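Remarks on the structure that follows.
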Amino acid sequence: MDIFTIVFWVVAIVLTIVSLLRNKKKTFAAMKKSKGMMGNMLSDIVAIIFLIGLVLTFIPPETIKSVLGSANTLMSTVVSALVGSITLIPAFVAFPLVGSLVDAGASIIPGVAFLTTLTMVGVVTFPLEKKEFGAKFALTRNVLSFGFAIIIALTMGVIL
Amino acid sequence: MKTVSMIKKNKLLVLVALAYVVVLTISPEKAMSSVENSLYYLIEMLQVLPVIFLLTVVLESLVPKEVIMRGFGEKSGFKGNLLALLLGSISAGPIYAAFPISKTLLGKGASISNIVIILSTWAVVKVPMLANEAKFLGVNFMVIRWVLTVIAIFAMAYITGKFIKKKDLPADANKHMTLEIRADYCIGCGLCVKMLPEYYEMNNNKAVVCRSPDPKEALDLVKESIIKCPSQAIVFSEEEKAS
């Protein structure tokens, strides 16, 4: 567990105790409500986690690396953004991967597109986002994120 | 009937389980390595979800609606956006962990723009991740990408806020739902009882509602039963709960 998660645990537990001391009844009512809300999400979250495992097996980091490093920058930028949208690899794998490519002389544009869609666009989490916030919201947010990821990548290509 | 609604409720899980069965029959190795890959995320979920649960509880019970409205509401302006950026940045865990928090904030009056900011920064901006990025790609790279991303997130928040209104979002627990069957219209065909035995039952050859609908689990099903009813005897209404 990283330090941030630990701090989160401590803060959450302390605040819960404060809430319990202040108003037991209200806290229990809130717990019931949250339990209902998160219980509804839980099966989707577990599904998403196992879906990520499946995607990672079929699109391993080596494949991603070959896409990111391909010669045609424009094509590989779009494909990298797509791959980033579908996969959800841990950041501590993604950064060294892109770093090694940049060190080897590849263009940074596909790498940035990949890193940005990796976290901002979620194809795998889309069903859950749609269920909780509606199709219009989820679609708008993900499509915009995809577009802006490409813009960010191109801008960085110009600046750096 | 019960299994059908179970499958409907857990559609994604069923689909993923089916995918695993297919992969397992074709290549057991690949299925095994998929499970192994999932383990990291499973552990991450177990570390984060209980905290998210407690935080939604605390938000619900300790923070008054007015505070959220002032901080993140429609009129909170740029200051609200910055606050949302800060909240998203100090977060922990993957994007799905942001969903319950965002839902609770929405229910308490946060604006759509600010929810977009919280969700996006939650996913993208994380302090340990920034350090990692600087280490492998250089401080310059990290700072420029961060600045551009924050600008993009603000632009997205603005556009989404223009496009999407609160009524586009699914009904949530804030709404009060009433479901009833007008007895003088009901012809006693029993169709609704067959469709949703959890909600309707027969009484003296007329259908009656036996449970009030849970907005999250059965809204679609209930709406379907309203359309299917041959004599249009089922009435459903929702209104904002005064709280």
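The values are calculated or read from the model by the stated rules, or taken from the named source; none is laboratory data. Every value quoted in this text rests on a predicted model; they were computed, and no experiment measured them. FYI the Cβ positions are ideal-geometry reconstructions off the backbone, even for glycines, and counts take in every protein chain you see. Each accessible area value is taken on the protein alone, full model and side chains, heavy atoms only, with ligands, DNA and RNA left out. Shrake-Rupley method; radii C 1.70, N 1.55, O 1.52, S 1.80 Å.
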Screening B:Glu66, B:Glu36, B:Glu60 for residues that are assigned to a helix (DSSP H, G or I) and either over 24 Å from A:Ala29 (Cα atoms) or modelled with pLDDT of 90 or more (or both) leaves only B:Glu36
Condition first: in contact with a helix residue (DSSP H, G or I) (Cβ under 8 Å, 6 or more places away or on another chain) and touching a residue at least 40 places away in the same chain (Cβ under 8 Å). Now tell me which residues in region B:2-44 satisfy that. B:Ser5, B:Lys8, B:Lys9, B:Tyr41
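This table checks each residue for (1) surrounded by fewer than 24 Cβ atoms within 10 Å (Cβ to Cβ); (2) facing another protein chain (nearest Cβ under 9 Å).
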residue	(1), (2)
B:Gly109	yes, no
B:Leu130	yes, no
B:Phe136	yes, yes
B:Asn140	yes, yes
B:Val143	yes, no
B:Val150	yes, no
B:Ala157	no, no
Scan region B:117-132 residue by residue and report those that are closer than 20 Å to A:Leu88 by Cβ and modelled with pLDDT of 90 or more. B:Ile118, B:Leu119, B:Ser120, B:Thr121
Within region B:162-178, does at least one residue satisfy the condition of being within 24 Å of the chain's Cα centre (by Cα), at pLDDT below 85 and aromatic (Phe, Trp, Tyr)? no
Restricting to region B:50-65, what's the tally of residues that are more than 7 Å from every other protein chain (Cβ to nearest Cβ) and out of contact with any Lys or Arg (no Cβ under 9 Å at 6 or more places or on another chain)? 2
I'd like the full set of residues that are open to solvent by 20 Å² or more (accessible area, probe 1.4 Å) and in contact (Cβ under 8 Å) with a residue 40 or more places away in the chain, limited to region A:74-109. A:Val78, A:Ser107, A:Ile108, A:Ile109
In region B:19-30, is there at least one residue being open to solvent by less than 70 Å² (accessible area, probe 1.4 Å), at the interface with chain A (Cβ under 8 Å from one of its Cβ atoms) and of a type outside the set (Phe, Trp, Tyr)? yes
Restricting the search to region A:15-47, which residues are open to solvent by 80 Å² or more (accessible area, probe 1.4 Å) and more than 30 Å from B:Val14 (Cα to Cα)? A:Ile17, A:Leu21, A:Arg22, A:Lys24, A:Lys25, A:Lys26, A:Phe28
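For region A:101-136, what are the residues that are of a type in the set (S, T, N, Q) and under 20 Å from B:Pro170 (Cα atoms)?
Selection gives A:Thr125 alone.
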Search result, residues across region A:111-137 that are more than 14 Å from the chain's Cα centre (by Cα) and small (Gly, Ala, Ser): A:Gly111, A:Gly134, A:Ala135
Could you run through region B:19-60 and say how many residues are among the aliphatic types (A, V, I, L, M) and over 21 Å from A:Asp2 (Cα atoms)? 12
